[in-house]
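Trainee: First, the structure itself, so that you have it in front of you.
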Amino acid sequence: MSRGAMNPSALMRFARLVALVLCTSASMSAIAQIEKEFSDKADLAPDIVRSGSYFLTESTRQLQNDSFANPGLLWVDRGKALFEDDTGAASCRSCHENELTGVFARFPAYDAKLKKLLNIEGRINQCRTQRQALPPLAYESNALLSLTAYVASQSRDTPFNVSVKDKAKEHFDRGREYFFTRRGQLNLACTQCHDDNWGRMLRGDRISQGHSNAYPGYRLEWQSFGSLHRRFVDCDTGVRANPFEPGSPTYVELELYLAWRSATLPIESPGVRR
Ligand code: HEC
Ligand code: HEC
């Protein structure tokens with residue numbers, strides 16, 4: 001170890017101290033509880049899988065299920081308009097008549113030609129650049145969120161059906177590893193909140209099982225529509241870790257693990273969350 005560097009246990013004590021100063025006493029005791037119950041690397045058992053909507057209040061759940069009032073439907077409508085827009089070499093619609101039903105549920109997927117794991121956002125940008133001769137859309141831009149929401153809406157009510165075999169396997173393994181790795185000044189892994197402590201309160205939120213089936217979706221706390229990766233950024237920031245960029249390969253791998261983990265749940269995108 002280099003001179004002046006803290007040894008791991010001193011670093012841990014320092015991190016705890018920082019956490020103590022930064023957190024209110026109420027959320028601190030919640031975090032102490034979470035810390036106590038670190039389990040092994042066991043995946044959530046399929047028979048206890050619950051959607052995030054299960055943890056919502058009745059009024060938020062109703063908002064999601066209301067086919068007029070759900071605010072996310074605005075993005076679906078914008079996506080449909082973009083799908084038909086023929087500014088580029090060809091509109092999306094001209095190549096994809098109606099056959100995108102169920103496609104979102106198969107993503108992220110390994111693309112053999114590109115030798116890359118792609119989520120739907122990545123796939124859409126491939127078609128933009130390769131087939132429409134248009135520049136890629138920025139992650140989290142309204143246009144990419146809208147197109148993604150439109151494609152996702154065509155898989156609503158069907159469960160994820162991703163492949164985690166062959167070339168997808170190593171990506172899946174890395175995504176799963178991310179979920180079980182402690183990080184940030186609070187030194188917490190995703191699994192500690194979303195496998196071991198779902199149902200508990202944390203800073204005014206009821207912790208869900210952290211499933212991906214609502215996204216892209218509308219969060220009341222954002223007052224806007226956002227991607228699953230934006231939620232990853234929130235959770236990584238919540239434990240005071242440096243988040244990755246939305247759209248980064250690491251988050252796409254994490255997305256693959258989550259799609260597999262919530263495979264028995266129907267897709268709810270555009271979901272509505274607190
Ligand atoms: C010129 C034709 C063309 C255009 C325009 C086009 N695509 Fe594609 N798209 C394809 C082809 C061909 C594939 C199959 C994969 C490949 O070879 O790239 C595909 C694949 C896809 C897939 C994955 C389908 C699957 O079953 O895995 C999605 C999603 C998609 N496109 C969405 C879009 C969207 C959204 C747009 C508009 C932004 C668009 N595409 C524009 C030709 C096109
Ligand atoms: C300190 C506890 C904590 C940790 C650690 C944590 N989260 Fe969360 N997460 C929350 C809370 C609180 C929410 C908001 C309430 C809810 O939906 O669970 C949330 C929400 C989510 C959601 C949205 C669920 C939905 O239905 O809208 C996802 C997905 C998610 N987390 C994934 C992750 C991932 C992946 C990690 C690890 C990178 C992680 N979380 C780490 C506390 C945590």
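The values are calculated or read from the model by the stated rules, or taken from the named source; none is laboratory data. No experiment lies behind these values; they were computed from the predicted model shown. Positions of Cβ are generated from backbone atoms using ideal geometry, with glycine treated the same way; all protein chains shown enter the neighbour counts. For the accessible areas, the whole protein counts, side chains as well, though only heavy atoms, and no ligand, DNA or RNA atoms are used. Shrake-Rupley method; radii C 1.70, N 1.55, O 1.52, S 1.80 Å.
Trainee: Determine the alpha carbon to alpha carbon distance for each of Lys80/Lys115; Lys80/Lys116; Lys80/Lys113; Lys80/Lys167; Lys41/Lys169; Lys41/Lys115 and list only those over 21 Å.
Mentor: Lys80/Lys115; Lys80/Lys116; Lys80/Lys113; Lys80/Lys167; Lys41/Lys115, as the Cα separations exceed 21 Å there.
Trainee: Under unit Cβ charges (Lys, Arg +1; Asp, Glu -1), what dipole magnitude, rounded to 20 debye, does the range 114-202 have relative to its Cα centre?
Mentor: Numbers: 14 positive and 9 negative charges, 64 e Å.
Magnitude of the dipole: close to 300 debye.
Trainee: In whole Hz, with x marking every Gly and Pro, tabulate ³J(HN,Hα) for the range 112-117 from phi via Karplus 6.51 cos²θ - 1.76 cosθ + 1.60, θ = phi - 60°.
Mentor: Coupling constants for the range 112-117: 5, 5, 7, 6, 8, 7 Hz.
Trainee: Accessible area per residue for the range 90-158 in Å², computed with a 1.4 Å probe and the full protein assembly in place, what is it?
Mentor: Accessible area per residue: 50 Å².
Trainee: Then there is this: Any chance you could give the angle, 0 to 90 degrees and rounded to 10, that helix 228-238 forms with the longest Cα principal axis of the chain?
Mentor: 10
Trainee: Taking the DSSP beta bridges in the range 173-274 as the whole, what percent of them are antiparallel, to the nearest 5?
Mentor: The antiparallel fraction comes to roughly 65 percent.
Trainee: Sticking with this one: How large are Rg and Dmax for the range 136-274 when only the alpha carbon atoms are used, in Å?
Mentor: Expressed in Å, the Cα Rg and Dmax of the range 136-274 come to 14.6, 42.
Trainee: Next up: At most 15 other C-beta atoms within 10 Å and a DSSP loop state: those are the exposed GluC sites (Glu not before Pro) I care about. Give me the longest piece of the chain that has none.
Mentor: On the way: sites that count: Glu37, Glu97, Glu99, Glu221.
Free of exposed loop sites, the longest segment is 100-220.
Trainee: Just check the range 47-175 against the gyration tensor rule for me: Cα atoms, a ≥ b ≥ c as the square roots of the eigenvalues, rounded for a/c under 1.5, and otherwise prolate or oblate depending on whether a/b exceeds b/c.
Mentor: Oblate shape, in that a/c is at least 1.5 and b/c is the bigger or equal ratio.
Trainee: Measuring with a 1.4 Å probe in the full set of protein chains, what accessible area per residue, in whole Å², belongs to the range 206-274?
Mentor: 34
Trainee: While we're here: Given the chain, what percent of its DSSP beta bridges are antiparallel, to the nearest 5?
Mentor: 75
Trainee: Dipole of the chain (Lys/Arg Cβ +1, Asp/Glu Cβ -1, origin at the Cα centre): which of Tyr215, Phe179, Val162 lies farthest to the positive side?
Mentor: Looking along the dipole axis, the top candidate is Phe179.
Trainee: Next question. Any idea which of Ala149, Leu118, Cys95 is furthest toward the positive side of the dipole for the range 73-153, if Lys and Arg beta-carbons carry +1 and Asp and Glu beta-carbons -1?
Mentor: Value: Leu118.
Trainee: Tell me, what % of the accessible area of the range 90-196 is carbon and sulfur with a 1.4 angstrom probe?
Mentor: Here it works out to 52 percent.
Trainee: Moving to a separate point now. Enumerate by residue number the trypsin sites (Lys or Arg not before Pro) in the range 165-211 meeting two conditions: DSSP loop (anything except H, G, I, E, B), and at most 12 other Cβ atoms within 10 Å of the site's Cβ.
Mentor: Those that pass, being in a loop and sparsely packed, are Lys165, Arg203.
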